[in-house]
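Following: one structure in structure tokens, then a few remarks.
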Amino acid sequence: MPSGTLEVVIAEGRCLKDQDTFGKSDAYVEVYLDKKYKQRTTTVSNTNNPIWNERFNFNIHGGDGTIHFDIYDDDVDHKDPIGKCKVKVKYVVDNGHYDEWVKLPTTSELSSHGEIHIIMKFESSHSTRSEKGSSSYLPLISTCCVANCLPTAR
């Protein structure tokens, strides 16, 4: 597998399983190729449909790897696992991009604890300057849907 940069956008989650007795989840995502180097989103409070819209970069140095996404409910004294999923980096490298809703399967894998929207792009370190361009390929998701939920001024 070639070397390069894997750009990951953790866009949003939907129908995340409640881990709290009262209220809704305070969800965040830890993303990593290696457990020693984890990155995480901010916590989005009191919703089972969080919008993170956060971008992360990982250096890929050959080899077949897997990128992991662990979703947690952030509580005062601990974190409750909501679910986890993973994607083979080779799939993103071979296709150049990835844009999917990924289910968070239960232990039995017969149902799910919700799903997260993941967008990824791989850029080989051997790309030419004109192929790279001056701006990032991956757009962050639009917030127009959130704006439509806000009350209008009268």
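The values are calculated or read from the model by the stated rules, or taken from the named source; none is laboratory data. Note that the structure is a prediction, hence the values are computed from the model and not measured. Methodologically, a virtual Cβ is constructed for each residue, glycine included, from the backbone with ideal geometry; neighbour enumeration extends over all protein chains shown. These area figures cover heavy atoms from the full protein model, side chains too; ligands, DNA and RNA do not enter into them. Shrake-Rupley method; radii C 1.70, N 1.55, O 1.52, S 1.80 Å.
Can we say Leu138 is modelled with pLDDT under 95, open to solvent by 40 Å² or more (accessible area, probe 1.4 Å) and either under 13 Å from Leu6 (Cα atoms) or of a type in the set (A, V, I, L, M) (or both)? It is false that Leu138 is modelled with pLDDT under 95, open to solvent by 40 Å² or more (accessible area, probe 1.4 Å) and either under 13 Å from Leu6 (Cα atoms) or of a type in the set (A, V, I, L, M) (or both). When residues in segment 1-33 are screened for being in contact (Cβ under 8 Å) with a residue 60 or more places away in the chain, under 23 Å from Thr106 (Cα atoms) and in contact with a Gly (Cβ under 7 Å, 6 or more places away or on another chain), 5 of them pass. If you go through segment 6-42 and keep only what is over 11 Å from the mean Cα position of the chain (by Cα), open to solvent by less than 50 Å² (accessible area, probe 1.4 Å) and of a type in the set (S, T, N, Q), you end up with just Ser25. Scanning segment 101-125 for residues that are open to solvent by 80 Å² or more (accessible area, probe 1.4 Å) and charged (D, E, K, R) turns up Lys103, Glu109.
When the residues of segment 65-106 are filtered to those that are assigned to a loop (DSSP other than H, G, I, E, B) and not aliphatic (A, V, I, L, M), the one that is nearest to Leu33 (Cα to Cα) is Gly65.
Filter segment 34-64 for residues that are assigned to a loop (DSSP other than H, G, I, E, B) and either hydrophobic (A, V, I, L, M, F, W, C) or in contact (Cβ under 8 Å) with a residue 60 or more places away in the chain (or both) and give the result.
Going residue by residue through segment 34-64, those that are assigned to a loop (DSSP other than H, G, I, E, B) are 35-36, 41-43, 45-50, 62-64.
Result: Asn48, Gly62, Gly63, Asp64.
Checking the structure you have, find out if any residue of segment 56-78 is under 17 Å from His113 (Cα atoms), crowded, with 19+ Cβ neighbours inside 10 Å and either more than 16 Å from the chain's Cα centre (by Cα) or among the hydrophobic types (A, V, I, L, M, F, W, C) (or both).
Kept after step one, since they are under 17 Å from His113 (Cα atoms), are these residues of segment 56-78: 68-74.
Then keep just the ones that are crowded, with 19+ Cβ neighbours inside 10 Å; that gives 69-73.
Checking which are either more than 16 Å from the chain's Cα centre (by Cα) or among the hydrophobic types (A, V, I, L, M, F, W, C) (or both) leaves us with 69, 71.
Scanning segment 56-78 turns up at least one residue that is under 17 Å from His113 (Cα atoms), crowded, with 19+ Cβ neighbours inside 10 Å and either more than 16 Å from the chain's Cα centre (by Cα) or among the hydrophobic types (A, V, I, L, M, F, W, C) (or both).
From the list Tyr28, Tyr32, the one residue that fits, being hydroxyl-bearing (Ser, Thr, Tyr) and closer than 30 Å to Pro2 by Cα, is Tyr32.
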